[in-house]
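The values are calculated or read from the model by the stated rules, or taken from the named source; none is laboratory data. On a predicted model such as this, the values are computed, not experimentally measured, just so you know. Cβ sites come from the backbone with ideal geometry, for glycine too, and all protein chains shown count toward neighbours. Remember, those area values only see protein heavy atoms, side chains included, never the ligands or the DNA or RNA. Shrake-Rupley method; radii C 1.70, N 1.55, O 1.52, S 1.80 Å.
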Amino acid sequence: MGSVALPSRIMLDLGPRARAFGDATIARGASHGWDFLGNVPVPLRARVRDGVADQMTAQRLAGGETLRCCFPMGQGGVGPFDRLRLIRDIDDFPRMLVSAEHGNAFNRSFHTNYVEAGRFGACQPASAAPVFADCGLFDPKGWIGVFAVAPFVLLIDRQRLDGLPVPRRWADLADPIYRGQVVFGGWRREGDAHWSQVSKFFLLAMLRLLGQKGLTEIVANVPQLLHSAQMPRVAGTGMSPGGIYVLPWSLADICPRRTHTEVVWPEEGALAYPLWLTVQSAHQDRLGFLIDHFYGAALGRYLSANRYPALCPELAPDLPAGARMTWLGWDYLRHRSTADDIRQACRLFADAQAARRDTEIQRCA
């Protein structure tokens, strides 16, 4: 794979329809009592929420029951997703959960008592394009269903690279020639020396793909982090802090300065970040119309047009020719040792940043 030159069709739709959503008798931040609790990445949130609302309206007009639904729009404060891991009883857990969080939504005892006991299901259609199936996006346990994916790719600022070769593989990011060039997702408060948020997904993916040595070499090449939404704004400008950005395809594709930048789909495969759902087995029939909606063609076309390729079996994947994906694996993410891997990956990054600060202090001295 190399440069991605598909014409952009991304539709920025940030204004949700004004309509009642959910049960007014349930507090907005409540974690329990919901038939449906959903969340997707911010650029998709308004349209996807409206789609759920339309499905609910049609269901009620057809004589169906009124479900208790919640789709937080990011108003701040502690929300229902923040409380999911505190739930111990299955009756308090949402009957259907839609999420874009890569962390585990279940605490360990809940997972053992209910998820592993078969009380949740993916409801995943049996077929999907090979690009999705081959990388393992189908949960082998059948607990988690993936309805779309956010592929992480490279946005290259050729001007900032200043004559260095354009990387084509994830492994290339470990090359010392890219010292001070690799920028991935994160942010920190103004004046803080340490990063408040770091993309653990990227760090863990590189540790899994390239091993400790490879990750150590990559983080040594990182000058700073940026929020992913900032990357397309600065790439190709004089404010660009690096020549290689790691970010979702949906954001890389909206960078307007294509005379100085290009999107590269790594040869090993874009990093697949799943948009997923799970449904309590006892409620799958009554929630079937929402399950069909999330795996269906109408939503799938919208997601794919916005560079979140859908796993809808009715749609051919809207991807660059020859594109591949790489995925961490559901069994790996659920394994107890993965928490240790995350801590190790974050520690390697923190050590690299500390070494960089020490070097800068010595230079100033």
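Values of log10 I(q)/I(0) for the range 87-235 across q = 0.14, 0.16, 0.21 Å⁻¹ run -0.91, -1.05, -1.32, by the Debye formula with one identical scatterer at each alpha carbon and no solvent. Dividing the summed helix terms, -39500 (n - 2.57) for each DSSP H run of n ≥ 4, by the number of residues in the chain produces a 222 nm estimate of -9000 deg cm²/dmol to the nearest 500. For the range 185-250, a crude dipole built from +1 on the beta carbon of Lys and Arg and -1 on the beta carbon of Asp and Glu, taken about the Cα centre, is about 140 debye to the nearest 20. For the chain, the alpha-carbon radius of gyration amounts to 1.02 times the rule-of-thumb value 2.2 N^0.38 Å expected for a compact globular protein.
Counting protein heavy atoms only, the range 97-178 has 50 percent of its accessible area on carbon and sulfur, 1.4 angstrom probe.
If you take the Cα atoms of the range 54-95, find Rg, then find the Kirkwood Rh from the mean of 1/r over all pairs, what is Rg/Rh? List each step's numbers first, then the result.
Working: Rg = 13.7 Å, Rh = 12.7 Å.
Here the Rg-to-Rh quotient is 1.08.
Note on ALA316 and ASP134: the model spin-label points, each 7 Å out from Cα along the C-beta direction, lie 1.6 nm apart.
Two numbers describe the Cα atoms of the range 147-289: Rg and Dmax, which are 17.1, 59 Å.
Between LYS141 and SER3, the C-beta separation translates, for a Förster distance of 25 Å, into a calculated FRET efficiency of about 0.10.
Pairwise alpha-carbon distances in the range 235-300 exceed 13 Å for 76% of all pairs.
Normalised Debye scattering of the range 273-365 at q = 0.21 Å⁻¹ gives log10 I(q)/I(0) of -1.07, counting only Cα atoms as equal scatterers and leaving out solvent.
The Cα atoms of the range 81-151 cover 37, 24, 18 Å along the three principal axes, with the biggest extent listed first.
Over the chain, average the accessible area per residue using a 1.4 Å probe and give it in Å², no decimals.
Accessible surface, normalised per residue, equals 45 Å².
Rounded to the nearest percent, how much of the accessible area of the range 187-346 (1.4 Å probe, protein heavy atoms only) is carbon and sulfur? Each step should come with its number before you reach the end.
Details: 3270 of 6490 Å².
Carbon-and-sulfur percentage of accessible area, whole number: 50.
Along its first, second and third principal axes, ordered by size, the range 208-362 spans 65, 45, 26 Å in Cα coordinates. With the biggest extent put first, the Cα atoms of the range 31-127 measure 39, 32, 31 Å across the principal axes. Applying a DSSP loop filter and a limit of 15 other Cβ atoms within 10 Å to the trypsin sites (Lys or Arg not before Pro) in the range 295-344 leaves ARG336. Our estimate of slack between TRP187 and SER281, defined as 0.36 nm per intervening residue step minus the Cα-Cα distance, is 30.0 nm.
At the listed q of 0.14, 0.23 Å⁻¹, the Debye profile of the range 197-251, built from one uniform point per Cα, gives log10 I(q)/I(0) equal to -0.41, -0.98. Taking the Cα atoms of the range 116-195, the ratio Rg/Rh between the radius of gyration and the Kirkwood radius comes to 1.15.
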